[in-house]
Amino acid sequence: MAKPIVAIVGRPNVGKSTFFNKLAGKRIAIVEDKPGVTRDRIYTDVEWLNHSFTLIDTGGLELESDDVLLSHMRNQAKMAIETAHVIVFMVDGRAGLVSDDEEIANLLRRAGKPVLLVVNKVDTSNLPVSFYDFYQLALGEPVAISSTNALGLGDLLDEIVARFPQNEEEDYEEDIIKVAVIGKPNVGKSSIINTLLGEERVIVSDIAGTTRDAIDTPFTHGEDEYVFIDTAGIRRKSRVNENIEKYSVVRSLNAIERANVCMLMIDATEGVTEQDKKIAGYAHEEGKATVIVVNKWDLLEKETNTMNQFTKNIRNELSFMPYAPILFVSAVTKQRVHQILETVKFIANQHSMRVPTGRLNDVISEAILLNQPPSDKGKRLKIYYVTQASVRPPKFVIFINDRELTHFSYSRYIENKIREAFGFEGTPISIIHREKN
Ligand code: GDP
Ligand code: GDP
């Protein structure tokens, strides 16, 4: 099953971001040095027991200047209802019950999604008298926590994972390429999907009777089977908040989770925006293959260098995904549109490629000869051998003598050598060190 999404909603200052940061813990610090990905971060991965899920802090979506607080909170709640599998509704145990809480609760009660009412700022083991008022919200048993003191978090996580959807039928055959078309509103997602589906060799399949086909669009192209994931909102445009750009990030999370390949759409007339970076960062961190599709290329005044300049700018802004191929297309004139599915197929194959262990170790031995592993205080990193542990994305385990001696730049060097030898175009690679003694 795709990773479940948990959204935190609630009034400002109840402690949503404190809670988010507590759960995000180390992970955020690790990715912090990837420029562009982590600023104003609103989502993070959380591991709890045998579960892993994506946590979204809807409070991290800033107010626009003309937003009225209450309508802003309503929008956040609606978005959470639409996107999340479990909603954490946070209230403030010090402030007690206030009318805005009731407003949000009214929306959430009708959501048809599991909601957990969480009373934050209960910093000691005594429940405040006001705690009992929260039963009035009719959202079940409130869970008391203290985000700052990290009290009750384990129990809460248990309650959250207990509400995840059970064995949701997943999904498609292994060899069907699952594609998420992602990007902000008006970049041309529905135009490009329609253009692709109108291509000569494309036949839209007609799978009746599954719940999926309401939101996905399966089709074949020549011999190959594909499915555009979560196209309902894109093609119908009837969903809430569709045109609010900041929500496009959250909107994309589910589709990215379920896909193998992401078509990240960039508007040629605008270049890479902050929202684009966040969406791209998520696809990268989730280990999906990505092709960057620059659309509306027909609208640019072109000079000899335009494409190079644009490429440079993308590489700069999306520096964490140098592996992603870039296409410059127009959904209107159909320029280069035929390259899209070819590229999607190609990177889907790269994403699931397995390399022979012998060849892999030859490549690594040679790399070590060319450039010695780092050393510290007279002790040198020893690399014993490397194996590819999994695909989608390709993951390599390097057996070494001492984790303390590993260095980011050397891992990067090894990654580059692996890419030089085998390609892995369009896909992130993950490298893990394991001590062997
Ligand atoms: P948000 O607007 O909902 O994201 O709220 P913040 O996470 O920014 O927290 C608002 C304020 O409440 C900050 O001053 C936090 O330090 C404080 N706060 C958050 N969690 C707790 C808690 O568990 N106990 C106490 N006493 N204060 C908290
Ligand atoms: P979505 O919100 O991402 O699905 O974007 P749409 O497909 O609805 O496109 C938004 C607007 O951009 C529409 O008016 C389209 O006609 C226009 N558009 C989409 N692709 C192109 C393109 O390649 N060139 C030009 N000139 N306009 C485009």
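Might you check whether a residue that is out of contact with any Leu (no Cβ under 9 Å at 6 or more places or on another chain) and farther than 30 Å from residue 224 by Cα occurs anywhere in the range 344-358?
yes
Restricted to the range 237-290, and to residues that are at pLDDT 85 or above and acidic (Asp, Glu), which residue is farthest from residue 391 (Cα to Cα)?
270
Is there any pair linking a residue in the range 291-304 that is closer than 18 Å to residue 261 by Cα to one that is surrounded by 15 or more Cβ atoms within 10 Å (Cβ to Cβ) and among the hydroxyl-bearing types (Ser, Thr, Tyr), with Cβ under 6 Å and at least six apart or on different chains, and which?
As it stands, the answer is 291/343, since those pairs meet every condition given.
Cβ-Cβ under 9 Å, sequence separation 6+ or interchain: first residue in the range 9-20 and on the phi < 0 side of the Ramachandran plot and assigned to a helix (DSSP H, G or I), partner near ligand 1 (Cβ under 6 Å from one of its atoms) and at pLDDT below 90. Which pairs?
What qualifies is 16/59; 17/59; 20/59.
Name the pairs: first residue in the range 179-190 and on the phi > 0 side of the Ramachandran plot, second residue small (Gly, Ala, Ser) and within 16 Å of ligand 1 (Cβ to nearest atom), Cβ to Cβ under 7 Å, at least 6 apart or on different chains?
Filtered contacts from the range 179-190: no entries.
Got a sec? Which of 303, 317 is away from ligand 1 (no atom under 16 Å from the Cβ), surrounded by 15 or more Cβ atoms within 10 Å (Cβ to Cβ) and acidic (Asp, Glu)?
One residue alone meets the criteria, 317.
Please list, ordered by first then second residue, the pairs with beta carbon atoms under 6 Å, 6 or more apart or interchain, first in the range 253-281 and closer than 20 Å to residue 45 by Cα, second away from ligand 2 (no atom under 15 Å from the Cβ) and of a type in the set (Gly, Ala, Ser).
Pairs found: 256/283; 257/2; 258/2; 260/348; 261/289; 261/348; 262/283; 277/36.
(1) in contact (Cβ under 8 Å) with a residue 60 or more places away in the chain; (2) assigned by the TED database to the domain that holds residue 193: which one isn't true of residue 342, the others all being true?
So residue 342 meets the others, but not (1).
When residues of the range 305-320 are filtered for being in contact (Cβ under 8 Å) with a residue 24 or more places away in the chain and either among the aliphatic types (A, V, I, L, M) or not in a helix (DSSP H, G or I) (or both), how many remain?
Residues of the range 305-320 in contact (Cβ under 8 Å) with a residue 24 or more places away in the chain: 310, 313-314, 317-320.
Among the residues that remain, those that are also either among the aliphatic types (A, V, I, L, M) or not in a helix (DSSP H, G or I) (or both) are: 314, 318-320.
Summing the residues that are in contact (Cβ under 8 Å) with a residue 24 or more places away in the chain and either among the aliphatic types (A, V, I, L, M) or not in a helix (DSSP H, G or I) (or both) in the range 305-320 gives 4.
Restricting attention to the range 394-402, does a residue exist that is touching a His at 6+ places or on another chain (Cβ under 7 Å) and either aliphatic (A, V, I, L, M) or surrounded by fewer than 18 Cβ atoms within 10 Å (Cβ to Cβ) (or both)?
Looking for residues that are touching a His at 6+ places or on another chain (Cβ under 7 Å) and either aliphatic (A, V, I, L, M) or surrounded by fewer than 18 Cβ atoms within 10 Å (Cβ to Cβ) (or both), one finds at least one in the range 394-402, hence yes.
The values are calculated or read from the model by the stated rules, or taken from the named source; none is laboratory data. Note that this is a predicted model, so its numbers are computed, not measured. All Cβ positions, glycine included, derive from the backbone under ideal geometry; neighbour counts span all protein chains shown.
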